Structure formats: C-alpha cells, structure tokens
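*Asks:* The structure is given below, and queries will be raised subsequently.
The values are calculated or read from the model by the stated rules, or taken from the named source; none is laboratory data. Computed from a predicted model, the values in this text were never measured in an experiment. We place every Cβ from the backbone using ideal geometry, glycine too, and count neighbours over all the protein chains shown.
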C-alpha cells in the first residue's frame with residue numbers, strides 16, 4: 001500500500017489548485033496501480049475493486065482535462081517497482097481512505113476554482129465518493 | 001419471451017380464424033359474393049408475403065436462389081397461382097374491393113376477414129425490423145432483421161402460408177359448390193370463387209413440392225414464430241422479482257433490452273460525443289461480471305441438468321460455464337486496457353452501457369444466494385446451490401433461457417463495443433495520459449493521441465472478448481436445444497446468420513404444423529362421400545367404399561395430369577369448373593397438395609403473359 005500512502009501524503013500536503021489537481025491525479029493513478037497489482041497477483045476479479053478501478057480511471061480523466069493541471073507531474077512515478085501484495089479487504093480499506101481524502105480535497109478545491117477547473121474538481125470528487133461507496137457500502 | 005407480441009401470435013390467430021369454434025356456425029358457409037370479397041383480401045396478403053420472400057424485403061441485397069432451384073421455382077409458381085386466383089376473383093364487372101370493406105355477415109367471410117387482419121398485422125410486425133434505407137430501399141433495424149431476410153426463414157414463412165392457403169381453399173370451395181338454402185346462386189360467381197380456391201391449392205402445392213425436396217427445419221418455423229415486434233421491452237423494476245422465475249424473467253427482459261440498445265448504438269458515428277470512455281469502461285467492467293455470473297450459472301445448471309431429466313444438456317452446460325469464464329477473463333483484460341486510455345469526451349453513459357450494468361445486477365442476483373446481493377458484494381458471497389437455482393426440474397428450461405439470453409446479449413455487445421473502439425481510434429479520439437508514458441516522451445500537456453503500441457493490444461483484447469463471448473453462446477445454445485428451452489430460437493438465429501456451424505437441424509415431416517400438436521388433419525371427404533352423406537347414408541362400409549372411389553378418382557386425375565396435351569392445346573383453366581361435379585373432382589385432387597395435380601390448372605402461355613390484376617385495397 002506504499003503507493004496509496006505516498007499519494008495520500010502528497011494530497012494532504014498540496015496547497016493551491018494546481019498542486020491539488022496534480023496530487024489528485026497521482027492519487028487516482030495510485031488506486032489504479034494498487035488494484036491492478038492485486039488483480040495481477042491473485043488472478044481473480046473482485047467486483048467492488050473492479051468497479052472502483054473504473055471510477056478511479058474516470059476520476060483521473062476528469063482531473064486530466066482541468067486547465068490548471070500542471071502539464072508535467074510534480075512527483076513522477078519511480079521506474080519499475082515491485083508489485084504490491086495485499087488482501088482484498090486490506091486494499092479496499094486503504095483505497096477507501098484515500099478516496100475519502102480525495103473527495104474532501106477536491107470538493108474543497110471546487111469551491112475555490114472556477115469554470116472548467118471547477119467542473120473537473122466536482123466530477124473528480126464525485127468519482128472519489130463513488131469509490132468510497134463501492135468499497136465501504138456507504139458514503140463519506 | 002419478453003411479453004412483446006411475436007409473429008407466432010398472429011400465425012396462431014390466423015390458424016384459429018379457420019378452426020371450428022364451439023357454438024358458432026362452421027366456417028365453410030357463406031354468401032358467395034361476400035366470401036369472394038373477403039378472399040380477395042386474403043389473396044392480396046398472401047401475394048404480398050410471397051413477394052416479400054421473393055424480393056427479400058425489397059431493397060435489401062441478398063442472394064436469392066436461382067429460379068431453377070426448387071424454392072426459387074416454387075416461389076415463381078406460387079406468385080403465378082396467386083395472380084390467377086386474384087384474376088378469378090376480379091373478373092370484369094365485379095369491381096375492385098374497397099378497404100375497409102363493409103362488415104361481413106357470412107360465417108366464412110367473417111373468418112376470412114379475421115384471417116386477413118391477422119396476416120396484415122403479422123406482416124406489419126415483420127416490417128418493424130426494417131427502416132428506410134439509402135436509395136429508397138430498406139435497411140435492417142434490429143438484430144433479428146438479418147435472420148428475417150434469410151432464405152431459410154423465407155421458406156419457413158412460405159410453409160406457414162401454404163398451410164393456411166390450403167385450409168382457405170377447402171372452406172372457400174365448400175361455399176362455392178354447396179350453396180346454403182335460400183342463397184341466390186350466380187353460377188359464374190360460384191365458378192370464379194371455386195377457381196380462385198383451386199389456384200390456392202396450386203399455390204400450396206407449389207410450396208409443398210419444394211418442401212419435399214428441401215425440407216424446412218422445425219427449428220426455423222420455431223424461430224419465425226418467435227420473432228418479436230421490434231420494440232424496446234419495459235425495464236424490469238428492481239423491487240419486483242425475488243423468486244427464481246421472476247429473476248429469470250428480469251434477466252431475459254434486460255438481455256433483450258441490451259441487445260436492442262447495443263444493436264442500435266452501432267449506428268452511432270465515431271465522432272459522436274456520446275461515444276465516451278465512460279461508456280466503454282462501464283460496458284467492459286459489467287460484461288466481465290455478467291460473464292462471470294453466466295459461468296457460475298452454467299456450472300450450477302450442469303449439476304442440475306441430470307436430475308432434471310435433461311442429461312444431454314449437462315455436458316453442454318458445463319462447457320458453456322467454462323466458455324463464459326474465458327469470456328469473463330477476456331472482458332476483464334479489455335476493461336483493464338481501458339484504464340490506460342481516455343477519450344476527448346467523457347461522463348456520458350450510453351443506454352447500452354447502462355443496460356449492461358442492469359444485466360450484471362440481475363444475473364448476479366440470479367447466481368447468488370444472498371437476496372440482498374449487489375454489485376458491491378465481495379468475492380466471497382456464496383453462489384446458490386444447484387437445488388436453490390432450480391428447485392423444480394420443470395424450471396430448468398426457463399433458467400437456461402435466462403443464461404442463454406444474457407450470453408447472447410454480451411456477445412452482441414462485444415461486437416458493437418469493438419466497433420465503437422475501432423471507430424474512435426480511426427477518428428483519433430482515443431487519448432492517453434502523458435503522465436503514464438515513459439520519460440522518452442516529451443509532451444508538454446497531460447494527454448495525447450494514444451500511440452500504436454497502446455491501441456493495437458487494446459483492439460486485440462476486444463477481439464478476444466468478442467470471440468470468447470460468441471463461444472460462450474455456443475454451449476448454452478446447444479443446451480437450450482437439448483432441454484427444449486424457448487431460447488433455442490436464438491441459437492437457430494445465430495446459426496442462420498453466421499452459417500458457420502454445421503448443426504443438424506430437426507427436419508420437418510413435410511406437413512404443416514397444426515395447432516394443438518396435431519401433425520395430420522383427416523382427409524376432407526371427397527365428392528362421392530359427400531354425395532352419400534347428403535343422401536343420409538351412415539353405413540360405415542358404404543362410406544368406406546365412397547372414400548375408396550374418391551381416392552381412385554384423385555389418383556386418376558393426378559395420373560392424367562402427367563399425360564395432358566401441351567398447354568396450347570388445352571382449354572383454359574376457367575372452363576374446367578363449368579359443372580359442379582367436375583369442379584368437385586378437381587378440388588379433391590388439388591387438395592392432396594400433389595404438385596402433379598397442380599398441372600391440371602397451370603395457365604396457358606397466353607394467360608401467363610396477361611396475369612389478372614392484383615387486387616389493391618383502396619382507401
């Protein structure tokens with residue numbers, strides 16, 4: 001769950017709209033990475049994680065088209081890392097935590113943003129909320 | 001299967017219109033003029049149906065058999081016979097039929113009007129599968145249209161029409177030759193009506209002759225009857241169904257909805273803003289789940305089949321379960337690939353993708369024991385037991401139908417989604433986040449058109465999903481046939497449209513299917529038997545001798561038909577009915593459906609060049 005922890009840390013430290021968008025994009029990517037690793041290592045499909053991964057991709061895409069997103073990642077992913085292993089329950093819990101943080105930061109950013117940035121933040125926050133709902137059964 | 005009207009409903013109504021009804025006068029009575037008028041409508045509709053099969057629903061390119069082939073020949077002869085029948089009914093001075101006609105009082109005329117209504121409505125139903133096409137032609141407008149324009153279904157349709165025509169001819173000739181008491185008789189009108197009925201016998205005989213050489217599989221007639229109206233069934237309410245039959249109905253309806261929506265989505269142009277990564281992802285993830293549920297259900301059904309009296313289906317169901325598992329895996333890889341890309345428009349979910357989600361939900365409910373199961377339920381939710389899925393062995397075909405419908409819908413969706421992705425790629429609408437690219441790429445914006453090394457494998461994954469989803473339908477289709485499940489028509493439709501398999505269809509007996517499961521109708525009494533009965537004779541031995549004489553006269557006329565002089569040296573067919581006795585003998589010979597007997601009436605060359613006008617309804 002190192003990816004998720006790092007993403008959550010960046011998200012927590014981000015200040016200003018571009019930084020929040022950048023960290024949110026990385027956080028969604030981290031969710032995709034962790035779920036993908038789980039699917040690769042177990043060879044099974046867990047429905048809530050599968051659906052959560054789709055919402056993570058949708059959330060990342062929403063942020064991707066925000067005008068204020070920096071063109072290059074502030075924290076580029078490190079080259080070839082080992083796949084992370086974890087149980088479905090552990091991954092669900094960690095992902096739910098990050099998604100709750102994502103929803104909160106993006107909702108807050110939306111209140112400060114305008115135009116297309118605001119729309120992107122709203123959309124991304126909605127997808128983060130859906131991830132949390134899929135993995136916990138309730139909304140944050 | 002989904003509460004929509006099917007073509008078979010109207011075929012049944014057509015058959016019922018000619019069947020005896022308790023407490024009502026027999027259909028073989030009526031006023032000659034009224035009956036002729038009503039018969040003209042029926043003949044018009046038969047001609048239109050037959051013409052439909054000759055032109056493959058006009059405007060659609062197809063490969064029709066050459067006229068020398070049995071069915072091509074039969075079709076040409078059948079159309080000639082209907083033209084001759086119409087010509088008999090529209091002799092000079094009789095006027096043209098008006099539409100709608102005045103209400104009929106005669107029993108047979110009323111029944112023929114019912115028949116005409118059933119035939120016209122059935123034809124309207126078939127036409128719902130077509131839309132105006134380029135150049136004034138017609139374009140396919142449903143997943144059933146391709147099967148409907150196939151030669152095999154045309155033959156099935158002609159076989160049904162021939163069976164109806166034969167019954168109509170029999171009843172019509174009774175009116176023509178046995179006037180009711182107090183009914184004024186116009187000999188010319190009677191001869192004309194009888195002549196029209198004789199040509200209907202020729203029509204039926206032409207088709208029966210082709211069926212003897214190239215039989216119509218029973219499965220094709222089943223498919224024809226099952227063709228639904230091309231409408232979107234109503235969405236099942238999630239709060240409704242909880243028991244197995246209700247869940248199966250919901251799966252079937254949702255699968256039909258998905259097939260309908262996915263098929264129509266294929267017309268969406270690749271530049272449409274409605275084509276979004278959001279839809280592609282949702283379709284892929286939910287198809288992964290639906291295929292997984294079909295795999296679970298296939299395994300459970302295989303365990304159930306043997307104890308439900310369908311041991312032959314067991315192997316196919318097990319194979320279907322394995323194939324569905326492979327389909328689930330290929331769909332998952334497609335979904336996984338879609339995480340790496342995006343499109344220029346997002347957010348909008350297509351109706352097909354929304355329905356795919358519903359199908360995953362319903363199939364999940366059917367497969368799992370927990371009545372509160374949801375898409376968010378974890379992987380450790382226990383599936384039903386075989387007995388929990390099929391508590392009553394009689395329900396097995398229904399559950400098989402549900403799984404079969406779901407698998408077919410996913411197979412169709414795989415094709416349309418692959419088509420969408422392909423179109424989006426060609427329109428350069430598939431993008432990739434540059435953050436995920438290696439540092440070799442120096443792109444100063446967060447997304448760029450997806451490179452070939454990304455799109456090629458993605459298309460490959462969709463091709464795999466398409467292939468695996470199609471394979472998943474094969475086993476379940478075989479099981480549907482083995483268990484007599486209603487969804488076996490889907491397998492027939494797939495077989496017809498792909499023509500890729502060499503399944504051995506169930507051949508028919510050469511006789512028209514009759515309502516109530518009867519295969520044979522008793523031979524109608526011949527002229528001698530009718531004469532004896534008219535005299536009040538009830539002695540079985542005498543009636544048997546009469547029947548022998550009738551059969552001998554039938555045989556004599558059929559043999560004589562082989563030795564007739566050339567057409568140019570024969571009297572016109574219309575003169576054959578000058579006396580009621582001759583007409584009755586001819587009718588009896590023609591009623592055998594023997595194509596040789598039809599030679600007695602074949603038109604002369606002069607008649608063939610100047611066919612009678614086809615009656616057209618007038619507003």
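*Asks:* Yes or no: residue A:86 assigned to a loop (DSSP other than H, G, I, E, B) and either more than 8 Å from every other protein chain (Cβ to nearest Cβ) or over 27 Å from residue B:333 (Cβ atoms) (or both)?
*Replies:* yes
*Asks:* Considering only residues that are over 13 Å from residue B:410 (Cβ atoms), assigned to a helix (DSSP H, G or I) and within 13 Å of chain A (Cβ to nearest Cβ), which ones fall in segment B:346-364?
*Replies:* B:361, B:364
*Asks:* Another question about this same structure. Would you point out which residue out of B:238, B:257 is part of a helix (DSSP H, G or I) and either crowded, with 22+ Cβ neighbours inside 10 Å or modelled with pLDDT under 95 (or both)?
*Replies:* So the residue among B:238, B:257 that is part of a helix (DSSP H, G or I) and either crowded, with 22+ Cβ neighbours inside 10 Å or modelled with pLDDT under 95 (or both) is B:257.
*Asks:* Which helices (runs of 4 or more DSSP H) sit wholly inside segment A:1-74 and have at least 3 residues that are more than 9 Å from chain B (Cβ to nearest Cβ) and surrounded by fewer than 23 Cβ atoms within 10 Å (Cβ to Cβ)?
*Replies:* A:2-13, A:17-42
*Asks:* Look through B:233, B:215, B:228 and report the one residue that is surrounded by fewer than 22 Cβ atoms within 10 Å (Cβ to Cβ) and touching a strand residue (DSSP E or B) at 6+ places or on another chain (Cβ under 6 Å).
*Replies:* Unique residue meeting the criteria: B:215.
*Asks:* Sticking with this structure for a sec: Using the structure shown, decide if residue B:281 is out of contact with any strand residue (DSSP E or B) (no Cβ under 6 Å at 6 or more places or on another chain), under 27 Å from residue B:459 (Cβ atoms) and modelled with pLDDT under 95.
*Replies:* no
*Asks:* Condition first: more than 17 Å from residue B:367 (Cβ to Cβ) and part of a helix (DSSP H, G or I). Now tell me which residues in segment B:291-325 satisfy that.
*Replies:* Of everything in segment B:291-325, those that are more than 17 Å from residue B:367 (Cβ to Cβ) and part of a helix (DSSP H, G or I) turn out to be B:306, B:307, B:308, B:311, B:312, B:313, B:314, B:315, B:316, B:319.
*Asks:* In segment B:294-315, what count of residues is obtained for those that are within 14 Å of chain A (Cβ to nearest Cβ) and in contact with a strand residue (DSSP E or B) (Cβ under 8 Å, 6 or more places away or on another chain)?
*Replies:* Count: 1.
*Asks:* Name the residues in segment B:448-463 that are crowded, with 19+ Cβ neighbours inside 10 Å and either without any contact (Cβ under 8 Å) to a residue 24 or more places away in the chain or under 23 Å from residue B:290 (Cα atoms) (or both), would you?
*Replies:* Hits for segment B:448-463 are B:458, B:461, B:462.
*Asks:* Kindly state which helices (runs of 4 or more DSSP H) lie completely within segment B:106-186 and contain at least 2 residues that are in contact with a helix residue (DSSP H, G or I) (Cβ under 9 Å, 6 or more places away or on another chain), modelled with pLDDT of 95 or more and buried (at least 23 other Cβ atoms within 10 Å of the Cβ).
*Replies:* By residue number, B:107-127, B:151-177.
*Asks:* Could you grab me the full set of residues in segment B:262-282 that are more than 16 Å from residue B:429 (Cβ to Cβ) and within 14 Å of another protein chain (Cβ to nearest Cβ)?
*Replies:* B:282
*Asks:* If you don't mind, there's one more thing I want to ask. Which residues, counting only those in segment A:94-132, are surrounded by fewer than 20 Cβ atoms within 10 Å (Cβ to Cβ) and either farther than 20 Å from residue A:3 by Cα or in contact with a strand residue (DSSP E or B) (Cβ under 6 Å, 6 or more places away or on another chain) (or both)?
*Replies:* A:107, A:108, A:111, A:112, A:114, A:115, A:116, A:118, A:119, A:122, A:126
*Asks:* So, of the residues in segment B:326-341 that are within 9 Å of another protein chain (Cβ to nearest Cβ) and not in a loop (DSSP other than H, G, I, E, B), which turns out to be surrounded by the fewest Cβ atoms within 10 Å (Cβ to Cβ)?
*Replies:* Across segment B:326-341, the extreme among qualifying residues is B:329.
*Asks:* Away from chain A (no Cβ under 14 Å) and either in a helix (DSSP H, G or I) or on the phi < 0 side of the Ramachandran plot (or both), is that true of residue B:380?
*Replies:* No: the conditions fail for residue B:380.
*Asks:* Any idea which of (1) out of contact with any strand residue (DSSP E or B) (no Cβ under 6 Å at 6 or more places or on another chain); (2) farther than 21 Å from residue B:249 by Cβ is the one residue B:342 doesn't satisfy?
*Replies:* (1)
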